[in-house]
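A.B. asks: Submitted below is the structure of interest, expressed as structure tokens.
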Amino acid sequence: MSMLARSTVGRMAAQPKVLGAAPANARNMATLREIELRLKSVRNIEKITKSMKMIASTKLAKAQRAMQAGKQYGVANSEVFQNAPAEEPAKRKLFIVVSSDKGLCGGIHSSVTKATRRIFADKESGIETDSPIMVIGDKSKAQLSRVHPKNLVMTFNQIGRDIPTFSDAAGVADLIIKSGVKYDSIAIVYNKFVSAISYESAVMEVETEEALKNSPGFKAYEMEDDVTKDLAEFSLANAIYAALVEGHACEQSARRNAMDNASKNASDMISKLQMQYNRGRQAAITNELVDIITGASAL
Amino acid sequence: MSTLCLLSTTARRAPKLLVSQCHSHAEVSDKIKLSLVLPHQSIFTSTDVIEVNITATTRDMGILANHVPSIEPLCPGVVEVIESGSVSKKWFVSGGFTTVHPNDKLTIGVVEAVSLEDFSWAVHMNLQEALKVAAGNRSEEDKMDKMSHSSGVESISTMQIGMITL
């Protein structure tokens, strides 16, 4: 242990010397070797981040196309809620937080987590503190389980690896309905796609069967049989689908940007290290020359 | 088929007085804004159309402008959209919901829809095969499995309707 510590101290002490005229001893050679190794690893990292960026770019194009259709689907779906708003604001809301399992994509997961925390922290929203939370995606689950471990009732993963399908959304909706969790209204917290470089958290409201039945606006609609329950369940699946595809597009764009930044940082680092390495090499050569010349003149 | 649609249309438009009260603005458009959307594709987005004929679970119905707000669950069948004049387009849709909104908007959300023009004869041949299987004396479950495999659709009878209207 102490040896390890000593070597670290030694390295730290040796590093600044490289910039100045380093003495031509074994220590200097080792530092040069170290810089070379470091350069190599940073170059490899740059290669990885660059290719990850390329992958995210192609995936983003696909995800954006899917989002366009999914968004329209969501708009058409929420039309009925706009015409039939709930009579009174719900007290016990079910929060469905939509993120994904994978990292390396900037603040996409903390964006939805923060939005959820903000709603819970806001006293004026009138939401019960023990309102249930369900999370799609492991990353936000980890974040929310630290803040609201008691509210977390159900989590989903393995969704959003590829472009989400309707059956994913239907499966989630089915499990939510079957879970027997009590709530008056549903709020889906997801990332809204603003542009290819930005996103923001947003909340999509979905009304439950009860809320729809009590809404005065909903009474204007004519129905042959009572299909409110079916409509509410179908709407939930649709809304989850719309949130999933939009969140997926945001994730891909965020990943692309994060990888772009990482590649830029890596190339900055490479140029810095290259400079340091060249300087060190030059200094070592000069020192060797000085040694040879002084040796020769001493004869 | 079309007479039936018209009949049901007139029936639906019966409470016209009430409807005109709702839409008190001066010019009443004779077109309805249709959004026919699938999860992976939007066929129509707030497009002005003249008439839409759907197969709801309870009956077939035609929807024109100034229709009473209503919610109709769709069963697998054909949706016909008449955009202008007598030009009509048909889609075979899986189940979903049709909602007529008070502001003269019509939204149809279905999980899957295929234009009837895209049905090829290969599908027709598969359908014949599926019908043969249906007529055979296998167990129900086996039949369903075979049929959904060969025809690619869930409901054979509605598929037939689709083929007839084609």
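A.B. asks: Just checking, which of B:T107, B:T45, B:T58 is without any contact (Cβ under 8 Å) to a residue 12 or more places away in the chain and not basic (K, R)?
C.D. replies: After ruling out the rest, the residue left standing is B:T45.
A.B. asks: Next question. Filter the stretch A:139-153 for residues that are surrounded by fewer than 18 Cβ atoms within 10 Å (Cβ to Cβ) and out of contact with any strand residue (DSSP E or B) (no Cβ under 8 Å at 6 or more places or on another chain) and give the result. Let's see the steps before the verdict.
C.D. replies: Step one: of the stretch A:139-153, the residues surrounded by fewer than 18 Cβ atoms within 10 Å (Cβ to Cβ) are A:142, A:145-147, A:149-150, A:152-153.
Scanning the stretch A:139-153 gives A:A142, A:R146, A:V147, A:P149, A:K150.
A.B. asks: Restricting to helices (runs of 4 or more DSSP H) lying wholly in the stretch A:134-244: which have 2 or more residues that are touching a residue at least 12 places away in the same chain (Cβ under 8 Å) and farther than 14 Å from A:S100 by Cα?
C.D. replies: Correct list: A:166-178, A:209-214.
A.B. asks: Of all residues in the stretch A:230-250, count the ones that are of a type in the set (D, E, K, R) and within 11 Å of chain B (Cβ to nearest Cβ).
C.D. replies: 2
A.B. asks: Report yes if B:G96 is under 23 Å from A:K229 (Cβ atoms), more than 9 Å from chain A (Cβ to nearest Cβ) and under 16 Å from the mean Cα position of the chain (by Cα), otherwise no.
C.D. replies: No; evaluated as a whole, the condition is false for this residue.
A.B. asks: Yes or no: the stretch A:127-134 includes at least one residue that is crowded, with 16+ Cβ neighbours inside 10 Å, more than 9 Å from the chain's Cα centre (by Cα) and more than 23 Å from A:V206 (Cβ to Cβ).
C.D. replies: Checked the stretch A:127-134: no residue is crowded, with 16+ Cβ neighbours inside 10 Å, more than 9 Å from the chain's Cα centre (by Cα) and more than 23 Å from A:V206 (Cβ to Cβ).
A.B. asks: Given (1) buried (at least 18 other Cβ atoms within 10 Å of the Cβ); (2) closer than 14 Å to A:L244 by Cβ; (3) among the acidic types (D, E), identify the lone condition not met by A:D162.
C.D. replies: Every condition holds for A:D162 apart from (1).
Readers should treat all values here as calculations from the given coordinates under stated rules, not as data from a laboratory. Every value quoted in this text rests on a predicted model; they were computed, and no experiment measured them. Ideal geometry is used to build each Cβ from the backbone, glycine not excepted, and the neighbour counts take in all protein chains shown.
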